[in-house]
Amino acid sequence: MDVNTLAAAHAVAPVSAVQNLYNMLERDCEHEVILFCLEHGIGVVPFSPVASGFLSGGVDAATDFSHADDVRKFVPQLSAQNIRANQPVLELLERCAIAHRATKAQIALAWMLAKYPNIVPIPGSKRRERVLENLGACDVEFSDVEFRELDAALDAIEVHDHRGQVEFDGMTMREWNR
């Protein structure tokens, strides 16, 4: 959702929450949508907060997404080429995870929770152990300095391909692989 659509909707009836793509790789909505939400007391419910498994380290260039029900095959960031190109993000997460005795997914979720007070991510999980792991993100605490350093390091990393940008351009999932 873009900020103009959100503002128009909010002018008609108060919006209480917005679901938007947001994670360490997909940060475009920070500049307008999340700030608008903060200003107007609107919650943000990010979907795909661990970037379809990439930020957990559970996806690599050899991961097979060809199964009929695996929609990740349509996510541009999950092409083998982009998975390899986005490794610096995983390396940053790994260093932070070691320092905090946490998993990469927990660091990715903890970063999001620390960044804005109005965010409640909805990580998808098919297995009980992933749900419990995700809940462990609430136990990760960053000092102000650690958080600023993590955020600055993310800013300095070039992210290859943007799922949100493709969706924003009005393309359908069917067109993503073209």
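The values are calculated or read from the model by the stated rules, or taken from the named source; none is laboratory data. Every value quoted in this text rests on a predicted model; they were computed, and no experiment measured them. Note: ideal-geometry Cβ built from the backbone for every residue, glycine included; neighbour counts use all protein chains shown. When the accessible area is computed, the model is the full protein with side chains, heavy atoms only, and any ligands, DNA or RNA have been set aside. Shrake-Rupley method; radii C 1.70, N 1.55, O 1.52, S 1.80 Å.
Filter the range 24-69 down to residues that are of a type in the set (A, V, I, L, M, F, W, C) and over 19 Å from residue 161 (Cα atoms), then give me how many there are.
Adding up the residues that qualify gives 10.
Can you give me the ranges of the helices (runs of 4 or more DSSP H) entirely in the range 76-178 with at least 2 residues that are at pLDDT 95 or above? Quick ask: steps written out before the conclusion?
Details: elements: 80-85, 87-100, 104-115, 128-135, 144-156, 163-168.
Because the criterion is at least 2 residues that are at pLDDT 95 or above, the helices (runs of 4 or more DSSP H) in the range 76-178 that meet it are 87-100, 104-115, 144-156.
For the range 130-165, give me each residue that is surrounded by 12 or more Cβ atoms within 10 Å (Cβ to Cβ), of a type in the set (Val, Ile, Thr) and more than 13 Å from the chain's Cα centre (by Cα).
Scanning the range 130-165 gives 131, 140, 157.
If the Cβ limit is 9 Å and pairs must be 6+ apart or interchain, which residue in the range 59-75 that is closer than 22 Å to residue 89 by Cα and open to solvent by 60 Å² or more (accessible area, probe 1.4 Å) pairs with which residue that is in a loop (DSSP other than H, G, I, E, B) and modelled with pLDDT of 75 or more?
From the range 59-75, the pairs are 72/59.
Let me spell it out: the conditions are (1) of a type outside the set (Phe, Trp, Tyr); (2) more than 25 Å from residue 104 (Cβ to Cβ); (3) modelled with pLDDT under 90, and residue 72 meets all of them except one. Which number is the exception?
Condition not satisfied by residue 72: (2).
Among the residues of the range 28-47, is any touching a Cys at 6+ places or on another chain (Cβ under 8 Å), in contact (Cβ under 8 Å) with a residue 24 or more places away in the chain and not basic (Lys, Arg)?
Yes, there is a match, as at least one residue in the range 28-47 is touching a Cys at 6+ places or on another chain (Cβ under 8 Å), in contact (Cβ under 8 Å) with a residue 24 or more places away in the chain and not basic (Lys, Arg).
Looking for something β-branched (Val, Ile, Thr) and open to solvent by 40 Å² or more (accessible area, probe 1.4 Å) - is there at least one such residue anywhere in the range 77-97?
no
Just to be sure before I move on: is residue 66 modelled with pLDDT under 90, assigned to a helix (DSSP H, G or I) and hydroxyl-bearing (Ser, Thr, Tyr) in the structure I sent? Give the derivation first.
Numbers: modelled with pLDDT under 90: yes; assigned to a helix (DSSP H, G or I): no; hydroxyl-bearing (Ser, Thr, Tyr): yes.
Criteria not met by residue 66.
Which members of the range 38-52 meet the condition of being in a loop (DSSP other than H, G, I, E, B) and either under 22 Å from residue 105 (Cα atoms) or in contact with a strand residue (DSSP E or B) (Cβ under 8 Å, 6 or more places away or on another chain) (or both)? Give the derivation first.
Our first condition is that a residue be in a loop (DSSP other than H, G, I, E, B); within the range 38-52, this holds for 40-42, 48-50.
Those that are in a loop (DSSP other than H, G, I, E, B) and either under 22 Å from residue 105 (Cα atoms) or in contact with a strand residue (DSSP E or B) (Cβ under 8 Å, 6 or more places away or on another chain) (or both): 42, 48, 49, 50.
Can you pull out the residues in the range 100-129 that are in contact (Cβ under 8 Å) with a residue 12 or more places away in the chain, more than 15 Å from residue 45 (Cα to Cα) and surrounded by fewer than 18 Cβ atoms within 10 Å (Cβ to Cβ)?
If the condition is that a residue be in contact (Cβ under 8 Å) with a residue 12 or more places away in the chain, more than 15 Å from residue 45 (Cα to Cα) and surrounded by fewer than 18 Cβ atoms within 10 Å (Cβ to Cβ), then 100 is the only one that fits.
Would you please list the contacts, defined by Cβ atoms under 7 Å and residues six or more apart or on different chains, that run from a residue in the range 1-26 that is within 30 Å of residue 91 (Cα to Cα) and among the polar types (S, T, N, Q) to a residue that is open to solvent by 40 Å² or more (accessible area, probe 1.4 Å) and part of a loop (DSSP other than H, G, I, E, B)?
20/1
Being in a helix (DSSP H, G or I) and buried (at least 21 other Cβ atoms within 10 Å of the Cβ) is true for just one of 55, 35, 25. Which residue is that?
Answer to the selection: 55.
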